[in-house]
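Before any comments, here is the structure.
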Amino acid sequence: METEIIQALTNDFESHARQTDNGIQFWLARDLQSLLGYGKWNNFKAVIDKAKTACEMAGHPVLDHFADASKMVSLGSGSQREVPDMMLTRYACYLIAQNGDPRKGPVAFAQTYFAVQTRKLELIEKRIRETERISARRKLTNTEKELSGVIYDYTGSEKNFGIIRSKGDKALFGYTTEQMKQRWNVPKHRALADFAPTIVLKAKDFATEITIFNTKANQLQTEQTISQEHMTNNESVRKTLLERGIEPERLPPTDDVKKVERQLQSDEKKSLRNPEALDTV
């Protein structure tokens with residue numbers, strides 16, 4: 001019987017969810033008021049205000065999760081009047097539930113329900129970010145392999161690639177590769193890029209792609225000319241990042257990309273054996 005009640009409450013909450021034109025899920029505050037068992041709007045509005053404060057204290061823009069709206073309600077005379085309402089994201093609903101009266105049965109359920117659903121969303125977003133970073137790392141690996149081949153074809157030496165890449169790092173970060181490894185505590189035998197955030201991986205890849213293109217287009221034949229080309233490209237990318245308030249050398253390192261990739265592969269195997277495993281919170 002308890003399972004049936006939980007399922008009914010879950011369906012009730014999900015049935016009131018709406019979507020904006022760009023696909024963002026939201027609930028109307030007046031609907032949530034009823035779902036949580038609040039009879040008076042003013043009492044529920046006080047809970048919303050507490051939730052807004054919690055949102056602000058957590059460092060999230062309140063307007064991103066609580067958007068003023070209005071709703072037409074029918075009066076006994078058959079006429080209608082406009083009443084204030086609010087569009088709430090799932091995170092806003094979670095905060096409202098956490099600040100609600102737990103003695104109310106629907107509130108107690110909602111506290112767990114929105115916590116679980118919000119956590120699921122966070123896990124999905126985290127997985128997307130990690131997958132994007134792994135993809136960016138693989139792309140940079142392939143691009144650097146292509147550059148290495150181009151350098152060998154034009155200069156006749158395999159050693160020149162390491163020299164040129166190091167000069168590119170100095171132009172991008174303002175520090176040498178070894179200095180950046182020290183800043184990020186990267187083991188000496190590991191590549192700096194394995195610990196770089198996604199935006200740095202994409203920045204390095206873009207600069208490298210330009211170097212490949214211009215080396216071929218301009219028939220650059222020496223380590224010195226290709227190095228100058230690669231430094232110029234990395235300096236240009238760095239300038240763009242700085243203009244947008246991003247200092248690549250000040251960004252914190254990320255988890256070892258190889259470790260992240262192994263974890264994702266492990267999660268995928270678990271999900272195949274037990275589809276519910278990743279939904280456990």
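Here, each number is a calculation from the coordinates, and none is a lab measurement. Because the structure is a prediction, the values reported are computed rather than measured. Because the Cβ atoms are built from the backbone with ideal geometry, glycine has one as well, and the counts that use them run over all protein chains shown.
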Per-residue Cβ neighbour rank within 10 angstrom, fewest leading, I164, I128 | I128, I164
To the nearest 10 degrees, how steeply does helix 198-217 sit against the main Cα axis of the chain, on a 0 to 90 scale?
-> 40
For a label point 7 Å from the Cα of Q179 along Cα→C-beta, name the residues of region 208-239 whose backbone N is under 15 Å from it.
-> 235
So how tilted is helix 257-273 from the main axis of the chain? Cα-based, degrees 0 to 90, rounded to 10.
-> 50
Could you state the angle between the C-alpha long axis of helix 159-173 and the longest principal axis of the C-alpha atoms of the chain, as a value from 0 to 90 degrees rounded to the nearest 10?
-> 40
Taking H as built 1.01 Å from N, whose amide H comes closer than 5 Å to the amide H of D85, not counting residues under 5 places away?
-> A69, S70, K71
Between R127 and K71, the FRET efficiency computed from the C-beta separation at R0 = 25 Å comes out, to the nearest 0.05, as 0.10
Just need the relative contact order of the chain here, percent rounded to a whole number, with Cα pairs under 8 Å and 6+ apart.
-> 15
Stokes-Einstein at 10 °C, 1.306 mPa s, Kirkwood radius from Cα pairs: D for the chain in µm² s⁻¹?
-> 69
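By how many nm would the segment from S157 to D64 lengthen if fully extended, with 0.36 nm per residue of separation less the alpha-carbon distance?
On the way: separation 93, 0.36 × 93 = 33.48 nm, distance 5.45 nm.
The span from S157 to D64 would gain 28.0 nm if fully extended.
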Within the set K139/K202; K145/K258; K188/K259; K71/K104; K126/K202, which residue pairs have Cα atoms separated by over 20 Å?
-> K71/K104
How far is it, in nm, from the label point at R103 to the one at I246 when both lie 7 Å from their Cα along the line to the Cβ?
-> 5.2
Would you work out which of Y175, Q265, M87 lies farthest towards the positive end of the dipole of the chain? Charges go on Cβ: Lys and Arg +1, Asp and Glu -1.
-> Y175
Quickly work out the R262-to-H16 label distance, labels modelled 7 Å from Cα along the C-beta direction, and quote it in nm with one decimal.
-> 4.6
Treat each spin label as a single point 7 Å out from the Cα along the C-beta direction, and report the E146 to D255 distance in nm.
-> 3.0
Can you run phi through the Karplus equation (6.51, -1.76, 1.60; θ = phi - 60°) for region 58-66 and list ³J(HN,Hα) in whole Hz, with x for Gly and Pro?
-> 7, x, 9, x, 4, 5, 6, 10, 10
If the cut-off is 16 Å between C-alpha atoms, which lysines fall inside it for K170, apart from same-chain ones fewer than 8 positions away?
-> K181, K204, K239
